[in-house]
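These notes are about the structure you will find just below.
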Amino acid sequence: MIQSYSSLCILSIGLLCAPLMGSSSGFARFAHQDAQRIDPLENASSEFYNDVLSYRYPLLWQESWEDSRNGFRANAGSLDIRRFSYLQEIKLESPRDQPLIFGYRQQTHEDTVNQSNLQELRVSPSLFGDHTTLTLLGDCGFQKEYGDLGFELSSRLGSQFQGTYRFWNVDAYYSSKKEVPQDSRPHITQSHEARLSWLPSTAASGSLGFSRDTPLTWSLLSEGYEYRYGLSQVFVEGTLPLGATQSRDAKALSFRFTSSTKFESMDFTERLTPQLVTRLPSSLAKNESASELRFLKQTVTFQETEAVLKDLKGEYPWYGGLWHLAMESERQYSNQENPTYSEKVTINRRETALYFYLTVPFGNQSPYLIHHGAVANKQHNNYLKTTESIEVKYIAALELNLAEKTRFLLNSTWDLDQLAHDAPFQKRSFRPWGGGNLQVTMIF
């Protein structure tokens with residue numbers, strides 16, 4: 001059943017909610033549930049991306065996770081009185097000295113901008129020695145028509161470079177296993193990702209690459225509409241050491257850039273109710289001849305840039321960064337009652353944020369740590385009317401090391417912008433509490 005325009009969930013592409021400076025996971029590929037909706041941009045509040053940055057895993061945790069082969073982690077943070085941001089990941093791998101190496105990866109990500117639950121089964125036969133690895137990939141569930149098959153090929157290129165290529169046949173058995181005979185797809189959707197990584201013997205590193213989901217046309221006659229989809233992305237990331245890498249005051253600069261374009265189209269009609277009119281741009285809401293709007297297509301361009309200066313080897317580890325987001329959505333509407341009526345609506349959102357985190361011991365010789373942080377972002381949004389806002393949060397978190405390689409974080413955030421705005425704090429609406437966040441990471 002097609003979801004209504006006013007209740008849809010926002011688009012998520014690229015790395016917009018990725019862990020701090022985390023690399024592309026390979027999970028991004030088409031999911032058949034996406035064909036039930038077109039994702040508008042406006043559902044994210046002015047505070048959303050500030051929450052995203054405030055709730056990310058500490059950088060030391062993130063680096064430990066990327067270096068591990070087996071682990072579990074979960075992250076739940078409050079977005080508002082009704083919604084959590086929730087991320088869960090599992091990765092398992094059998095010993096690498098066996099003729100067959102088995103692995104499993106799972107990722108659940110749910111918040112205002114993303115709803116996904118993907119997994120992959122991995123089998124790597126020892127065929128090509130230590131420098132080249134071929135991995136067979138699979139992802140399936142209850143419905144066979146939505147099972148994915150693929151492979152990953154990774155090879156060392158000389159002493160300092162590594163190339164990786166991933167391929168998926170998405171919904172590989174759709175034509176032969178589909179439950180609804182009248183629905184059809186002319187072609188199987190394919191997902192491609194290529195990455196070139198620079199891995200010298202020093203602390204420096206870098207990678208660049210692209211990913212692409214080939215265009216999909218899905219005739220859903222049983223639902224009365226046709227859905228079209230396409231996605232492409234390029235990314236660059238790297239780390240440069242500053243000074244002697246083994247010294248206690250070693251510092252490094254990390255950077256990341258991602259650019260994605262997603263196209264979706266779906267023919268469906270929605271009546272111009274008073275509730276819908278309040279959510280439409282004025283040029284559409286004032287169109288007296290349109291009692292119904294036909295939503296045709298949407299193209300979203302997403303760019304994210306981040307640079308981080310970090311010192312994780314000193315007595316008091318710290319890191320700070322600059323983050324920028326640019327999103328543009330172009331939608332096309334028409335009206336069945338007035339065939340000559342057609343309009344394009346462009347929505348832009350720009351955000352820039354500064355953040356800083358410092359870790360200090362919780363007392364002398366204590367196994368616990370205190371994380372202090374601050375995130376400040378400025379937003380520009382032209383949906384309905386041009387608005388600008390500034391959000392500033394202070395972060396205070398207690399890290400508990402419950403067992404070897406098991407970390408637990410109790411995180412709290414406080415709205416500094418409201419503290420500054422509501423002084424002397426006599427208003428009943430004064431609520432400086434920004435939200436709570438729980439995190440756990442287990443490496444085994």
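The values are calculated or read from the model by the stated rules, or taken from the named source; none is laboratory data. It should be emphasised that the depicted structure is a prediction, and the values quoted were computed from it without experimental measurement. When we count neighbours, we look across all protein chains shown, and the Cβ atoms used for this are built from the backbone with ideal geometry, even at glycine. Side chains are part of the model used for accessible areas, which takes the heavy atoms of the whole protein and leaves out ligands, DNA and RNA. Shrake-Rupley method; radii C 1.70, N 1.55, O 1.52, S 1.80 Å.
Residues are listed down the side, and each one gets a yes or a no for (1) β-branched (Val, Ile, Thr); (2) in contact with an Asp or Glu (Cβ under 7 Å, 6 or more places away or on another chain); (3) open to solvent by 30 Å² or more (accessible area, probe 1.4 Å); (4) in contact (Cβ under 8 Å) with a residue 24 or more places away in the chain:
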| site | (1), (2), (3), (4) |
| --- | --- |
| Gly141 | no, no, yes, no |
| Phe151 | no, no, yes, no |
| Thr189 | yes, yes, no, yes |
| Ser197 | no, no, no, yes |
| Ala203 | no, no, yes, yes |
For Leu87, indicate whether it is touching a residue at least 12 places away in the same chain (Cβ under 8 Å) and surrounded by fewer than 16 Cβ atoms within 10 Å (Cβ to Cβ). no
I'd like the residue in region 161-172 that is in contact with a Phe, Trp or Tyr (Cβ under 8 Å, 6 or more places away or on another chain) and not acidic (Asp, Glu) and, out of all such residues, is nearest to Lys310 (Cα to Cα). Phe161
For Phe128, only one of the following conditions fails: (1) modelled with pLDDT under 90; (2) open to solvent by less than 30 Å² (accessible area, probe 1.4 Å). What is its number? (2)
Going through region 226-237 in order, the residues found to be open to solvent by 20 Å² or more (accessible area, probe 1.4 Å) and not aliphatic (A, V, I, L, M) are Glu226, Arg228, Ser232, Gln233, Glu237
If you take just the strands (runs of 3 or more DSSP E) that sit entirely in region 53-150, which of them hold at least 3 residues that are over 30 Å from Thr359 (Cα atoms)? 100-110, 115-125, 132-139
Here the qualifying pairs (Cβ atoms under 6 Å; residues six or more apart or on different chains; first in region 354-370 and in contact (Cβ under 8 Å) with a residue 40 or more places away in the chain and part of a strand (DSSP E or B); second open to solvent by 80 Å² or more (accessible area, probe 1.4 Å) and not aliphatic (A, V, I, L, M)) come out as Val360/Tyr316
Matching entry among Leu60, Leu8 (being at pLDDT 55 or above and of a type outside the set (D, E, K, R)): Leu60
